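Visitor: Dumping the structure here so I can ask a few things about it.
The values are calculated or read from the model by the stated rules, or taken from the named source; none is laboratory data. It should be emphasised that the depicted structure is a prediction, and the values quoted were computed from it without experimental measurement. Reconstructed Cβ throughout: ideal geometry from the backbone, glycine too, with neighbour counts over all protein chains shown.
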2 protein chains.
Amino acid sequence: MMRPTVSSLRAARVARSGAVRAFSSRDLIPNEPAKPEVHTDSVPGPASKACIDKIQDSRTHVVVGDYEKSSGNYLVDADGNTLLDVFGQISSTALGYNVPQMIELAKTPEFIHAALNRPALGSFPPKNWAEVLETGLLTVRPKGLDHLVTTLCGSSANETAFKAAFMAYRQRERGSADAPFTQEELESCMLNQAPGAPELCVLSFKQGFHGRLFGSLSATRSKAIHKIDVPAFDWPVAPFPELQYPLSEHAAANKAEEARCLAEYEDILVRHKAHKPVAAVIIEPILSEGGDCHASPEYFRSLRLIARKHGAFFIADEVQTGVGATGTFWAHEKWGLSAEDAPDFVTFSKKMQQAGIFHRAETRPNAPYRNYNTWMGDPMRALQAREIIRIIKDNDLVNYTRATGDVLTAALSDVFSRHQGLVENHRGQDEATFQAFDIANQQKRDQFLGKMRAAGVQIGGCGDRAVRLRPTLTFGPEHVAILADKMDSVLKEIK
Amino acid sequence: MMRPTVSSLRAARVARSGAVRAFSSRDLIPNEPAKPEVHTDSVPGPASKACIDKIQDSRTHVVVGDYEKSSGNYLVDADGNTLLDVFGQISSTALGYNVPQMIELAKTPEFIHAALNRPALGSFPPKNWAEVLETGLLTVRPKGLDHLVTTLCGSSANETAFKAAFMAYRQRERGSADAPFTQEELESCMLNQAPGAPELCVLSFKQGFHGRLFGSLSATRSKAIHKIDVPAFDWPVAPFPELQYPLSEHAAANKAEEARCLAEYEDILVRHKAHKPVAAVIIEPILSEGGDCHASPEYFRSLRLIARKHGAFFIADEVQTGVGATGTFWAHEKWGLSAEDAPDFVTFSKKMQQAGIFHRAETRPNAPYRNYNTWMGDPMRALQAREIIRIIKDNDLVNYTRATGDVLTAALSDVFSRHQGLVENHRGQDEATFQAFDIANQQKRDQFLGKMRAAGVQIGGCGDRAVRLRPTLTFGPEHVAILADKMDSVLKEIK
């Protein structure tokens, strides 16, 4: 297979879909650099390290950013190195740095007033709040889910969904929204005891990641370093299918593995009914932090239907997968569920900037102030979300990402064909640019990431030995060509 | 006692402290209205109600704000009513609406770049991050606490402190920071079981409020409606002294009550050692949401020292009390602890806009990525915090708040003297403008709040029948005079 060139790639993309106009990130970000440039011996360089050592926990610092100079898909660091960013701030950069249209938004009085007068949204919403949501977030609401609660981050979005699920579960047990709380419930909850603080749980999946606050961390099953020494709820974990890649070559074995996991999952739901019923099941459409683990749409459809069969609400955690990078606006759209069968909750954050949950009327608490807090979201981030959504729609960026994904699949396949044994399990080819692959072992994976950075490309790891690509939605064939070229060189050095 | 006038009040304030220059909110906010104006029959009026009915959970909406028109201590609503705001977005407005100096900040490239290029702070901090913290938040670090971790809200600040406390507690048990985790710990934590997910707990106090996520909600003991139907950790609650007001008239009884509560608190710490040791104790310097409950500095000093005696870390939750409104920058300063005895953690949010925790080196996790997440704070909010801190210092607003507090105490005492039986337990006279009082019962309290709003003054309730005043730091004698005048009229109507 020939190495793709920018022009051949763009031709392929245009040919692939007449619907995709010839978008380029330069349309949106005219001054985006043409290529990475690194002039220090390593990244981070000396100026970045000088910044690093002064405060907070600098052990996790990777790149010290110069965000005034960064542009589009290029992150400029404190040493003046220009890095192609294929990680996007842990998957949270939707369009790129300093997109001029976003900067214009930030200069509007509406944005400035929202940024400086942060209200306690639940009780003192701004008068344009309904309009901002209706012309923004609600235009991308998942099929079947008409209600929206905003939050400040992905962890709190998931915990807001947990709370809503627990309340709705208990309400259903009571038989009606008007059924009063008993005196015993009112008193016992103040002591953190049942029945007021009920013996209910959230079921999650091995390798799943749902945040790092106490409820979300109890559902998180990614790595021990995320969980150790933190008290956790005694909530159950179900196995997630360990599929073999490429999926198409292991269809029968994978189907059997999914069936095995579904059976065990249903068994856990049944067994918990007696002592601690599962009120909610939470899963990511692609288990990202845990290593970009995939499963089939049929598997996810079964999960959802089995949850309902046993009375558990179903939460699709789209904090990382949401907002277009998988080639559909929400990754769970690929499950092909009807509006009626759609997840009970879809949670989001990261690329959307304004975090929150979409849900149905039935999971709205029966009384006010039950799922409430001071800020409950941020009007300035909701304005930002609306503008991001507009830009995505105006430029047909979800389709563009799909087209770029085709180019990326071809380019990576070509590179990997020359590095067999070192690279394996290329996955996400049906998920646009939301792709990943494994490197032989953790040490070589970390070496790969470091050398890529020194070569001018910032990528992230996940799981034990995976590399995850999390570019922006404006990441295009020209960026793919640079990525593939650098990867080929770096993999040669490692081999 | 004569009714205070603006000029007499200002004279009294200036006389009180030569250090307080003749500041007025008009110095900072030249176009602040002179008085409230309500032209609808009730608040919210028809335009506000029209906004209200469209989205989210509108049952908790109190005022629909027109934040472009609001100014200083005056909140303009969707109907064009101008309300004197003595609640400040649940205590989260430091200076007032649309302070011109803050608007200038929002127009700077630094602010715009920070607002639009939100980084994953833990790994990709901006190059000016250390400088922004060192010239901002770190200039107001509590005595004894040199380390800072930023977060997105008060609940996550408290949970970040909990996690740090649990990790440090286990590290101390292991004997050294280098002691490796055991295989059993690494495996059991993935199943949410001990020893990896340890049997440790956080002790909190009756009436305490620490947030509404799963860990913080387990420590929250304010009201059943905050907790019911949400699973909680089996963590202990200690009694908080039920003092009689005015404190000066019940010194002996109050001292005995505090001693009783301290003994029970210590007993809980001792009893939990065998099966579920208390790793952290958390308390607000004034239990705000729970009803503005006060105790003496001696009581708080004893709490802290008893916690240390039994190996528990001590967290001062200053989310609501912090940032000047109590007449010291941090409310716990009044406890008079040495740097060595200072709380192990001080958490903050609300008025500071950038939330977080201050702590010591000893409670820094021994390995990176242990107390970590994607955003970990927000550079744009840190810039805002720095500017708020500068304005507070430049205008000596902590002292100004104390002077205003004297005026407020006198004015409220005067009003209450005419409404004995209806109003009681005036408290916080030593806490600047952070004052509260009870009304005879909940129904009359709610009636009072509604009528005050209709008269043009927005105040908040707390506890069962308390009214809490949470004005900005620019709230001055001229605002006190309006508040007292309206209160007198409204209380007459209720009596």
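Visitor: Is there a residue in segment B:10-20 that is in contact with a helix residue (DSSP H, G or I) (Cβ under 6 Å, 6 or more places away or on another chain) and modelled with pLDDT of 75 or more?
Guide: Checked against the condition, which is being in contact with a helix residue (DSSP H, G or I) (Cβ under 6 Å, 6 or more places away or on another chain) and modelled with pLDDT of 75 or more, segment B:10-20 yields no hits at all.
Visitor: Here are A:Ser92, A:Ser58: which of them is modelled with pLDDT under 95 and hydroxyl-bearing (Ser, Thr, Tyr)?
Guide: Result of the check over A:Ser92, A:Ser58: A:Ser58.
Visitor: Name every residue in segment B:169-191 that is touching a strand residue (DSSP E or B) at 6+ places or on another chain (Cβ under 8 Å) and either buried (at least 24 other Cβ atoms within 10 Å of the Cβ) or farther than 23 Å from B:Leu269 by Cβ (or both), in order of residue number.
Guide: B:Met190, B:Leu191
Visitor: Separate question: Do we find a residue being touching a Leu at 6+ places or on another chain (Cβ under 8 Å) and either assigned by the TED database to the domain that holds B:Ser222 or in a helix (DSSP H, G or I) (or both) anywhere in segment B:440-452?
Guide: Within segment B:440-452, one or more residues are touching a Leu at 6+ places or on another chain (Cβ under 8 Å) and either assigned by the TED database to the domain that holds B:Ser222 or in a helix (DSSP H, G or I) (or both).
Visitor: Another question, then. Please identify the pairs in which a residue from segment B:42-54 that is surrounded by fewer than 15 Cβ atoms within 10 Å (Cβ to Cβ) has its Cβ atom under 8 Å from the Cβ atom of a residue that is modelled with pLDDT of 85 or more, counting only partners at least 6 apart or on another chain.
Guide: Once the first residue is surrounded by fewer than 15 Cβ atoms within 10 Å (Cβ to Cβ) and sits in segment B:42-54, its partners that are modelled with pLDDT of 85 or more give B:Pro46/B:Thr40; B:Pro46/B:Asp79; B:Lys54/A:Ala130; B:Lys54/A:Glu134.
Visitor: Select from segment B:356-374 the residues that are at pLDDT 95 or above and in contact with a Lys or Arg (Cβ under 8 Å, 6 or more places away or on another chain) and list them in ascending order.
Guide: Of everything in segment B:356-374, just one residue is at pLDDT 95 or above and in contact with a Lys or Arg (Cβ under 8 Å, 6 or more places away or on another chain), namely B:Phe358.
Visitor: I would also like to ask the following. Answer with yes or no whether B:Gly322 is in a loop (DSSP other than H, G, I, E, B) and touching a strand residue (DSSP E or B) at 6+ places or on another chain (Cβ under 9 Å).
Guide: yes
Visitor: Every residue in segment B:328-369 that is on the phi > 0 side of the Ramachandran plot and either part of a strand (DSSP E or B) or in contact with an Asp or Glu (Cβ under 6 Å, 6 or more places away or on another chain) (or both), please.
Guide: B:Gly356
Visitor: Could you tell me whether segment B:278-289 includes any residue that is within 28 Å of B:Phe437 (Cβ to Cβ), hydroxyl-bearing (Ser, Thr, Tyr) and either surrounded by 19 or more Cβ atoms within 10 Å (Cβ to Cβ) or not assigned by the TED database to the domain that holds B:Lys351 (or both)?
Guide: yes
Visitor: Hey, another quick one. Of (1) buried (at least 22 other Cβ atoms within 10 Å of the Cβ); (2) closer than 20 Å to A:Pro246 by Cβ, A:Thr347 satisfies all except one. Which?
Guide: That leaves (2) as the condition not met.
Visitor: Can you name the residue in segment B:213-224 that is among the hydrophobic types (A, V, I, L, M, F, W, C) and within 8 Å of chain A (Cβ to nearest Cβ) and is also surrounded by the fewest Cβ atoms within 10 Å (Cβ to Cβ) among such residues?
Guide: Checking each candidate, the answer is B:Ala224.
Visitor: Still on this structure, please answer the following. Residues A:Ile286, A:Ile306, A:Ile282, A:Ile315: which one is over 21 Å from the mean Cα position of the chain (by Cα) and modelled with pLDDT of 95 or more?
Guide: The match here is A:Ile306.
Visitor: Moving on to the next point. Looking at this structure, is B:Arg445 closer than 23 Å to B:Val76 by Cα, touching a strand residue (DSSP E or B) at 6+ places or on another chain (Cβ under 6 Å) and at pLDDT 95 or above?
Guide: Here the answer is no, as B:Arg445 does not meet what is asked.
Visitor: The conditions are (1) more than 17 Å from A:Lys163 (Cα to Cα); (2) of a type outside the set (Val, Ile, Thr); (3) more than 7 Å from every other protein chain (Cβ to nearest Cβ), and B:His210 fails exactly one of them. Which is it?
Guide: Just one mismatch for B:His210, condition (1).
Visitor: Do the conditions hold for A:Thr139, that is, is it surrounded by fewer than 23 Cβ atoms within 10 Å (Cβ to Cβ), under 23 Å from the mean Cα position of the chain (by Cα) and of a type in the set (Ser, Thr, Tyr)?
Guide: yes
Per-residue answers, yes or no, for (1) facing chain A (nearest Cβ under 7 Å); (2) modelled with pLDDT under 95:
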residue	(1), (2)
B:Thr108	no, no
B:Leu121	no, yes
B:Lys127	yes, yes
B:Gly136	no, no
B:His147	no, yes
B:Thr150	no, no
B:Cys153	yes, no
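Visitor: Starting from segment A:370-399, keep only residues that are outside the structural domain of A:Thr433 (by the TED database), then list their pairs with residues that are at pLDDT 95 or above and among the basic types (Lys, Arg) whose Cβ atoms are within a distance under 6 Å, requiring at least 6 positions of separation or different chains.
Guide: A:Asn371/A:Lys163; A:Asn373/B:Arg212
Visitor: Let me spell it out: the conditions are (1) farther than 22 Å from A:Ala106 by Cβ; (2) within 10 Å of another protein chain (Cβ to nearest Cβ); (3) surrounded by 21 or more Cβ atoms within 10 Å (Cβ to Cβ), and B:Ile112 meets all of them except one. Which number is the exception?
Guide: (1)
Visitor: Within segment B:225-261, work out how many residues are at the interface with another protein chain (Cβ under 7 Å from one of its Cβ atoms), more than 23 Å from the chain's Cα centre (by Cα) and surrounded by fewer than 18 Cβ atoms within 10 Å (Cβ to Cβ).
Guide: 1
Visitor: With the checklist (1) crowded, with 18+ Cβ neighbours inside 10 Å; (2) more than 8 Å from chain A (Cβ to nearest Cβ) in hand, flag the one item B:Pro198 doesn't pass.
Guide: Only one criterion in (1) crowded, with 18+ Cβ neighbours inside 10 Å; (2) more than 8 Å from chain A (Cβ to nearest Cβ) is unmet by B:Pro198, namely (2).
Visitor: Checking the conditions here, which among A:Asn399, A:Asn425 is within 22 Å of the chain's Cα centre (by Cα) and part of a helix (DSSP H, G or I)?
Guide: Testing whether each residue is within 22 Å of the chain's Cα centre (by Cα) and part of a helix (DSSP H, G or I) leaves just A:Asn399.
Visitor: Being more than 7 Å from every other protein chain (Cβ to nearest Cβ) and closer than 27 Å to B:His294 by Cα, is that true of even one residue in segment B:172-184?
Guide: no
Visitor: Further question: Can you tell me which residue in segment A:372-396 is farthest from A:Leu152 (Cα to Cα), limited to those that are facing chain B (nearest Cβ under 10 Å), of a type outside the set (A, V, I, L, M, F, W, C) and assigned to a loop (DSSP other than H, G, I, E, B)?
Guide: Among those residues, the one meeting the criterion is A:Tyr372.
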